[in-house]
Every structure is written in structure tokens, then in C-alpha cells.
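The next block holds one structure in the form of C-alpha cells; read it before the comments.
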Amino acid sequence: MTRTLIRGGLVVTAADETHADVLIEDGRVAALAAHGSACAEGWSAERTIDATGKYVIPGGVDGHTHMDFPFGGTFSSDTFETGTRAAAWGGTTTIVDFAVQTKGQALREGLDLWHAKSDAQCAIDYGFHMILSDVNEHTLKEMDLLVAEGITSFKLFMAYPGVFYSDDGQILRAMQRAAANGGLIMMHAENGIAIDVLVEQALAAGRTDPRYHGEVRKALLEAEATHRAIQLARVAGAPLYVVHVSAEEALAELTAARDLGLNVFGETCPQYLFLSTDNLAEPDFEGAKYVCSTPLRPREHQSALWRGLRTNDLQVVSTDHCPFCFSGQKELGRGDFSKIPNGMPGVEHRMDLLHQAVVDGHISRRRWIEIACATPARMFGLYPRKGTIAPGADADIVIYDPHAEQVLSVETHHMNVDYSAYEGKRITGRVETVLSRGEPVIESREFTGRAGHGQYLPRGTCQYLI
Ligand code: URP
Ligand code: ZN
Ligand code: ZN
């Protein structure tokens, strides 16, 4: 039996903050005991980590990543190997990535491809959601099989006509199926049909700069789609999880639905909390670095999102990590913003940016862990194996130095992308050591993990329903 002991830290979970020692046996948390207690003093282990003055927190659970993801004629620049290594550097020990069904193919084909991309590549544990690009009789039946084997959530798109888009009838059918089989529908809520009209009009008027990406993808069209998705989910009797919420008006729709007691949930991402349309308007095509959908919004939306995170009208912060290099990838859209691949890098920085939010007073320490670890684990059927530090849980544990200072930069990050969306941003707090199932993957800021350590996680159904 291999034992590791973490001594002297402040253990922070979504529920508690305690000065406790943590005993790990064979990759799992065996016990916690008050620091200095006779019980803890009696423990011995092959390896002891001194966490004095540090936080001991659950590894982050990032429920929304796109590794090696096809978009706009190219692929996101992080593979499962590079992306999960970067995630580990940032204190994330589980990702749930999106397997893609290509139009005309079976879900199974897409899923097999995602297993082939990720098998023996990952530094940390990983699961899959499934993107439905083609809802039909066959794929509806396949949904049942996927839920039974641990792919328990399905993303639908009200955006991107001709690519990932589903119409309202397809959405309703998929929701009905999810209501019956226990799956969770995740919705990209933007009215893509209306957006495409505005894109065409903008380009015809010579508005080709990246900033127009933000102007045509209007907040009202996010809100309208969010409202419609909620009503369709009500009709189907299905729970709904709206991904990458960026607009105050869309959040208001979620809040109203939750006030009715509906199983409607919302996720936002660090880019909507820390960046804005000011970034999209950066000159010399630099705004392309910030093109993602839903788009960045005017700064005024941020306070609503922070409030939503505090009031639990938003439950999760994921990254929607979908990096494209500026050189050669984002540049595909020079002269036509609609050809800029949509997506931003971020898997490495979520835990740090949210710690900065604790320092800045937006959220509490326990809420940090709740929105970044515990709730995503519950939402996606991984709790309590992931998302907490408790006897029986996987020993996915981060030793976090809350006083260290760092500056985010492309020069120092580990994501496979040639720019940082947060270049020069100062952060108080930094990951020091990361354990994945008890194994150090980052040790005193050295990468000690390996591709292939990460295991595939079949998931249970959503554990967050009211
Ligand atoms: O811009 C984004 N979000 N790219 C990734 C695909 C998606 O819609 O999540
Ligand atoms: Zn999306
Ligand atoms: Zn996404």
C-alpha cells in the first residue's frame, strides 16, 4: 500500500474550511484529521507533503473543453496530451471534453474517434460529452446506449446553421429522449439563423473587423435562444444546462426559470468575467484572439455574471478551452470576421483566475471550490469521486499557495497556443503541487506527470437535479 500524507494545510472544500491533515492510500483519500490531533500525529506515510501556509483543495473539474476540435476548416491547437498537461499545471485534474458527431455519421463514430484521440495521451482523468450535429431516429436511439455507458450529457447548438445547428423540432426530440434516459442536454443558446443574417449584412457593409463578431452576435439573440431552450425543456420535462452564458439578458432568463423551480442550470467562463468587447476591438486584427461564441460582452455584463455566481443562478465556471493560434489559424479570418475560428485558450488559468476573484471579493473561498470543482463534478455525474476531499474520493488534490504572485503570459504558459488572452495579468495565488489519484503530476512547480496516466471516466447521470 502506498501512503501519502499532506500536513498542515487549510483544507478547503465547497462545504468546509478546516486545518486538517489528509491521509492518502492507494490513490484515494483515506482519512482527514485535525492538524496536531493525536489521530493525525499517529499517521505515517512514504511521502509527506508540507502544506503549511497553503490551501489543500480538490483538483479542478473543467466540464467544457475542446481538444483537437474541428472548427472553421482547422483544429484547436491543443491535443489531449498538451491540453491535459496544461490543465494539470493550472490545478485542474479532470476535464470533460466534447466528442463530436459529424453530420451524417453515427454518434458511435464520433465517440470512437474521440477515444482514439485521447487514449494513452492524457495527464489527468477525462470524460466525454457528445455533440449532436444530426438528431434523427438513429441518433436518438444511440443516446440511450451512450447514457448507459457513461456519456450522460449531449450538447446541442442553436447556432452555426449548416454545421452543428439543430432546429427546434430536433431539439425537442433530443430533450424528450434525455427526459426518458436521464441524459442532460447542454445548450449553445444563440439564434444562429438571425445571427447569420446580421453577419451577411455586416460583411456587405464592409464591416469585416473582429469587433463585428461581437456586434452581430447580439445579447438579445443569446437571451431569445436561452428563453426558447428553457421553454422547449419545460415541454419535454427535461433538465437543461446552458453553456458559456455571457449576456446579462440571458442570465435573467435562467434566473426567471430557476425562480419557477425548474431544473435549469447555467455555466459561464473566465473570459466573460475578466475580458470584454474592449479586447475584441483591439487594433491590427489582435481582436481575433478574443473571438469566441457566445462573444465577449461590454464590461457592464460582468457584474451581473458575478452576482449570478454568488446567488447560484449560475452554478459552474468552465473554460470552453478551444485554442487557435493567432498565426495561421485566427488569421484565416483576416478581412472576414466570420472566418475566424471561434474559441479561446484558458484551461490552464481557470483555478487561478477564480482565486483572483476570491482575492478581489467577488466570491468566497468555498464558492471558488464549489463552482470550479464540486458542482461540475455533481452536474456531470462524477461526485464524490471528483470535486471534493473526503474519505473514498480520488486523491485529486492541489496544494495551492494563496500568497504567491504570478503574471500570466504566453512566455510561461503551457497551452499549445501562440498567445495568452490574459497577457500581463497579475494573479495572487499559484498552484504548487498537484496529485492525480495520489500521483504527483506537478511537484513544487515541476511537471512530473506523464501522458497516459489520465484515465477515461464513464460518468453517472446529473446529481444536481432539484
Ligand atoms: O467559441 C467557442 N465557444 N468555440 C467552441 C465551440 C463552442 O461553441 O463551444
Ligand atoms: Zn458552444
Ligand atoms: Zn465549447
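The values are calculated or read from the model by the stated rules, or taken from the named source; none is laboratory data. Being a predicted model, the structure only gives us computed values, none of them experimental. Neighbour counts are summed over all protein chains in view; Cβ atoms, including those assigned to glycine, are modelled from backbone coordinates with ideal geometry. For the accessible areas, the whole protein counts, side chains as well, though only heavy atoms, and no ligand, DNA or RNA atoms are used. Shrake-Rupley method; radii C 1.70, N 1.55, O 1.52, S 1.80 Å.
Report note on the peptides 269-277, 145-153, 376-384: ranked by the mean count of other C-beta atoms within 10 Å, highest first, their order is 376-384, 269-277, 145-153.
List the DSSP H helices in the chain whose Cα atoms stretch 24 Å or more along the helix axis and whose mean Kyte-Doolittle hydropathy is at least 0.0. Display every interim value, and only then the final one.
Details: long enough: 219-236 (25 Å, 0.42).
Helices passing the filter in the chain: 219-236.
Here the spin labels are modelled as points 7 Å beyond Cα on the Cα-Cβ line, and at Gln455 and Thr311 they lie 4.1 nm apart. In the stretch 59-379, the C-alpha radius of gyration followed by the widest Cα-Cα span (Dmax) gives 18.2, 51 angstrom.
Give me the percent relative contact order of the chain, please, defined on Cα pairs under 8 angstrom at least 6 residues apart. Answer for the chain is 22 percent. Among the lysines of the stretch 1-155, pairs at least eight places apart or on separate chains and with Cα atoms under 28 Å apart come to 6. Remark: the stretch 416-423, residue by residue, has Karplus-estimated 3J(HN,Hα) of 8, 8, 8, 8, 10, 6, 10, 3 Hz, where x stands for each Gly or Pro and the curve is 6.51 cos²θ - 1.76 cosθ + 1.60 at θ = phi - 60°. Estimated from the Cβ-Cβ distance and a Förster radius of 35 angstrom, the FRET efficiency linking Ser327 and Asp259 is about 0.15.
Counting DSSP beta bridges with both partners in the chain, what percentage is antiparallel, nearest 5?
Details: 33 of 69 bridges.
Just about 50 percent of them are antiparallel.
With a simple spin-label model that places each label point 7 Å from the Cα along the Cα-to-Cβ direction, the separation between His403 and Arg47 comes to 2.5 nm. If R0 equals 22 Å, the separation of the Cβ atoms of Ala252 and Leu465 corresponds to a calculated FRET efficiency of about 0.45.
Among residues other than Ile466 whose Cβ falls under 15 Å from its Cβ, what is the net charge (Lys/Arg +1, Asp/Glu -1)? Surrounding charge for Ile466 is +1.
What FRET efficiency comes out for the pair Met1/Ile193, r = Cβ-Cβ distance, R0 = 45 Å, nearest 0.05?
Values: r = 59 Å, r/R0 = 1.31.
So, using R0 = 45 Å, E works out to roughly 0.15.
The residues Asp168, Asp278, sorted by heavy-atom accessible surface at 1.4 Å with ligands and nucleic acids left out, run Asp278, Asp168 from largest to smallest. Summary of packing: across the peptides 360-369, 214-223, the per-residue average of other C-beta atoms within 10 Å ranks them, highest first, as 214-223, 360-369. Each part reduced to its alpha carbon centroid, the stretch 77-137 and the stretch 219-235 end up 27 Å apart. Spin-label pair Thr448-Leu145: with each label point 7 Å from Cα along the Cα-Cβ axis, the two points sit 4.3 nm from one another.
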